[in-house]
Amino acid sequence: MSARGRIAALSLALPLLLAGCAATDPPEHDASGGRGAHAHEETGTALAEGWAKAGEGMSGVFGTLENRGDQAVTLESVESPAAATVQLHRTASDGTMSEVDSGFVIPAGGSFALAPGGNHIMLMDLPKPLLAGDEVALTLHFDDGTAVDTTVLVKDYAGANEQYEGDEHDMDHGDMDMDEDHGSH
């Protein structure tokens, strides 16, 4: 085949190759911030812009709990196959973390922030490291007996050192060193 013929064949094949690449793009995030995230049908409760810190051993989950319903709801617990233990935590001004037994109350028509250096979901006893780009499945359990399944994207970030009350674990999930959109990949 001549050089001219090869160029013609390549120009015909290129659109087909590009179309094949487009089919492998990852699914887009939905409005709640997670891939495959579901809102609680009755209250419209969701974890918006949820993400988890890359790391091993322990990690935090952050985002905004939203409640579009007309009644306050309380996030009582969270489960995840990514961690042996999952707890709700708060961070004191001195960087010391402690478990929150009473849950996180999301006001009617309002939101509740989960942020580095503040309230967050703690993933503990991770059987394998969480790597940037991974997804973590979560089931959020509310005080009305409902559960919401969602996923969050794992992202890299650097932050302040936080510690458990009476423990020596440095948590390194305080102020974020990322751009405004939390370092989307």
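Just so it is clear, none of the values below were taken in a lab; they were calculated from the coordinates. Computed from a predicted structure; not experimentally measured. For neighbour counting, all protein chains shown are included, and Cβ atoms are generated from backbone atoms with ideal geometry for every residue, glycine included.
The protection proxy used here, the mean number of other Cβ atoms lying within 10 Å of each residue, ranks peptides 44-53, 127-136, 80-89 as follows, highest first: 44-53, 80-89, 127-136. Packing, taken as the mean count of other beta carbons within 10 Å per residue, orders the peptides 65-71, 107-113, 147-153 from highest to lowest as 147-153, 65-71, 107-113.
Stretching residue 70 away from residue 102 to a fully extended chain increases their span by 9.4 nm, per 0.36 nm per residue minus the current alpha-carbon distance. Cβ crowding within 10 Å ranks 74, 64 as 74, 64, fewest other Cβ atoms first. Counting neighbouring beta carbons within 10 Å and listing from fewest to most, the residues 121, 106 come out as 106, 121.
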